Structures are given as C-alpha cells and as structure tokens.
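Nothing in this text is a laboratory measurement; each read-out follows from the coordinates by a stated rule. Keep in mind it's a predicted model, so treat the numbers as computed, not measured. Methodologically, a virtual Cβ is constructed for each residue, glycine included, from the backbone with ideal geometry; neighbour enumeration extends over all protein chains shown.
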C-alpha cells in the first residue's frame, strides 16, 4: 500500500486538485474537458460536492508524520450521478485522478477503493467508469478493483485533433 491516506476533500484542497486536473485537461485524454478550470470554478465544484457525492483526496504523510492535517495532495476522486432520470438513481459514475509524479504507487487503487466503499455504504447498486479507450492505466486500475468492461462507445469524443473511443466499465456492488 502507498504511504498515503484518503479523506474528504475540503475547500483548502482546491488548489492542488485544480493543478492535477488541469494538467490532464491540457495534455491528456484522461478527461474530455478542453478548457482548464479556474481556481474559483474548482472551489465551486468542491462546494457542490456533499454526501455520497463528496470528493476525496489522497495525501502523502508530511515529514512530521501528520497524515490527516498536513501532507501533499497527490490525487482526488469523486462519485457523480450517472444519469438524471429516476430509474438511474442507484447507479453512480466515478472519476479518479492521480498526480503524474505519483502514479504507479497504488494511490489510484486507494482512491478507487475508497469510492467503491462510499458507493456501497451509500446504498448504490453499481458504479460506472467511462474511460478513454486508450487509457491503459485507468483500464487496469478499474479491472484490479473488480470492474468489468461492458462496452465501448466509438468515436464519441474529439480532442487533440483525433476521435476518441470510450470504454465503459462497471462494478455491481
């Protein structure tokens, strides 16, 4: 396991979260957003997160051994409603982002495991992941946490001048 812990995100986490996210917006297909978020937009996103849809962060323990109040935010994750119609209320969609300097250390698994636990504890029945089909690390992460590939949406996004497929993965809780 990584030398990290997870906790609910707070307003104080907006700056490291937006830095992690915007790097993916501008240089990868991990998100289909095309425009970086402002710090104010990130704060508003965090303020709107509550209950089962709260955001969580992964933090590395500080040198002082403080693994809750201090340390470096190295990733974040959240659950979102899957669809608006009432019949979908028991299904949620996950998002997981890890700072590139800290990938391959189990942080994504820690975050995704936390999200699956939150989803289960909140009474949800399934979690959906929509992953750019070329995202091998994200696909492997979700597979390692019990998700199955249930389909591929062909050419549903366009970023960096190319069409992108989306792999749909699911875990039934």
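List of remarks:
- Cα gyration tensor category, rounded, prolate or oblate, for the stretch 22-173 with a/c compared to 1.5: rounded
- FRET efficiency estimate (nearest 0.05) - Cβ-Cβ, residue 44 to residue 150, R0 35 angstrom: 0.60
- The overall shape of the stretch 90-173, judged from the alpha-carbon gyration tensor, is oblate: a/c is not under 1.5, and a/b is no greater than b/c.
- The listed peptides 135-145, 27-37, ordered by packing as a protection proxy, come out as 135-145, 27-37 (highest mean of other Cβ atoms within 10 Å first).
- Only Cα pairs under 8 Å and 6+ residues apart enter the sum, and on that basis the relative contact order of the stretch 4-172 stands at 19 percent.
- DSSP-defined antiparallel bridges as percent of all bridges, the chain, nearest 5: 90
- Sorted by Cβ neighbour density within 10 Å, fewest at the top, the residues 99, 125: 125, 99
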